[in-house]
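This report refers to the structure that appears directly beneath it.
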Amino acid sequence: MGLTIGVDIGGTKIAAGVVDEEGSILETSKVSTPPTPEGVVDAIADAVRKVSTGHDVEAVGIGAAGYVDDKRATVLFAPNINWRHEALKDKVEQRVGLPVVVENDANAAAWGEYRFGAGAGHDDVVCITLGTGLGGGIIIGGKLHRGRFGVAAEFGHIRVVPDGLLCGCGSQGCWEQYASGRALVRYAKQRAAATPENAEILLGLGDGTAENIEGKHISDAARQGDPVAIDSFRELARWAGAGLADLASLFDPSAFIVGGGVSDEGDLVLEPIRKSFRRWLVGNQWRPHAQVLAAQLGGKAGLVGAADLARQG
Ligand SMILES: [Zn+2]
């Protein structure tokens, strides 16, 4: 199979791209994400039509946040778009006249990294995406592990703290409450409020108040040596690395790939994650250690991965 289209449905934008067999994006198109489920289907179809003009395209892969069924056809539930048992595959196929595969967005991103990014040379890979929340994907023996019902690798909602912080999912103490972009901002706000003398750079980048600290301020401040910003990244990394050690007990991969906006900071966050991972890895002196690698494809991983999964059929 030659060219396929990957579609990445984000909270604000829907991106579609024509992708070749090497994972290169030949052409892209972006539209705003409409507020209604029907509008989203129309927008996907429009983006696919627009981007496929002049290309001989054979299939479409759609990466969507939410639970996607084992047939890769129906979004059972989505947190950001009001989808409840949405037959996305059928609806888009009817509009674009091409075979469609629907995949969870974190699974698609994991597949993209495995095939064309940081996963090169590995067959057993576990990916985590540290974005606003925490997503995940599992590749075992070169195959994406979806689980019987299609909803495996929802790592963000593993409970790591009994009776811990309330989570948007309705549970308490979920991993993403401690290891995610949102958690990072919370750490920085708490620390800056408690010890403003250690957050002068960080507070200077915003309006001077702890409550209005934003993620991008924390990155900039950390690079400039702000103690609170650096310590906030370390706290996030401590939780992320400890969680990876638990995932090593479950999946024993040869590599973990850490993606998402937070991982854009590179070794500032990756090094403390590796340290925490080694610290909490059971029997760490006596076993091989999985590598902890930074994702390479950035925000394109989901689109490229979805296109490749459509190619695999
Ligand atoms: Zn949760």
Q) What are the residues whose amide H is under 5 Å from the amide H of Gly10, where those residues sit 5 or more places off or on another chain and H is modelled from the backbone? A) Ala15
(Q) Residue by residue through region 26-31, what is 3J(HN,Hα) from phi via Karplus (6.51 cos²θ - 1.76 cosθ + 1.60, θ = phi - 60°)? Round to whole Hz and write x for glycine and proline. (A) 8, 7, 10, 9, 10, 10
Q: Please list, or write none, the aspartates and glutamates whose alpha carbon is within less than 14 Å of the alpha carbon of Lys30, excluding same-chain residues fewer than 8 places away.
A: Asp8, Asp42, Asp46
Q: Report the extension gain between Arg49 and Thr195 in nm, rounded to one decimal, defined as 0.36 nm multiplied by the number of residues separating them, less their alpha carbon distance.
A: 47.2 nm
Q. At what distance in nm do the modelled label points of His85 and Glu271 sit from each other, each positioned 7 Å from its Cα along Cα→Cβ?
A. 5.3
Q. Listed highest first by mean packing, meaning other Cβ atoms within 10 Å per residue, what order do 241-254, 157-170, 3-16 come in?
A. 3-16, 241-254, 157-170
Q: Beyond 27 Å between alpha-carbons counts as too far, so tell me which of Lys89/Lys216; Lys189/Lys300; Lys89/Lys143 fall in that bin.
A: Lys89/Lys216; Lys189/Lys300
(Q) Report the Cα centroid-to-centroid distance between region 230-244 and region 3-82 in angstrom, as an integer. (A) 33
Q: Collect residues whose amide H, placed 1.01 Å from N in the peptide plane, falls under 5 Å from the amide H of Thr129; neighbours closer than 5 in sequence don't count.
A: Gly135, Gly136, Gly259
(Q) Report the gain in length on full extension from Asp252 to Glu214: 0.36 nm times residue separation, minus Cα-Cα distance, nm rounded to one decimal. (A) 10.1 nm
Q.
Checking the cross-link filter: which lysines have an alpha carbon closer than 17 Å to that of Lys91, excluding same-chain neighbours under 8 positions apart?
A. Lys71
Q) In percent, how large is the relative contact order of the chain, given Cα pairs closer than 8 Å and 6 or more residues apart? A) 21
Q: Could you pull out the chymotrypsin sites (Phe, Trp or Tyr not before Pro) across region 114-167 that fall in loop regions by DSSP (anything but H, G, I, E, B) with no more than 15 other Cβ atoms inside 10 Å?
A: Phe149
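Throughout, read-outs are computed from the coordinates displayed, never taken from laboratory work. For clarity, every value in this text was computed on a predicted model and none was experimentally measured. When we count neighbours, we look across all protein chains shown, and the Cβ atoms used for this are built from the backbone with ideal geometry, even at glycine.
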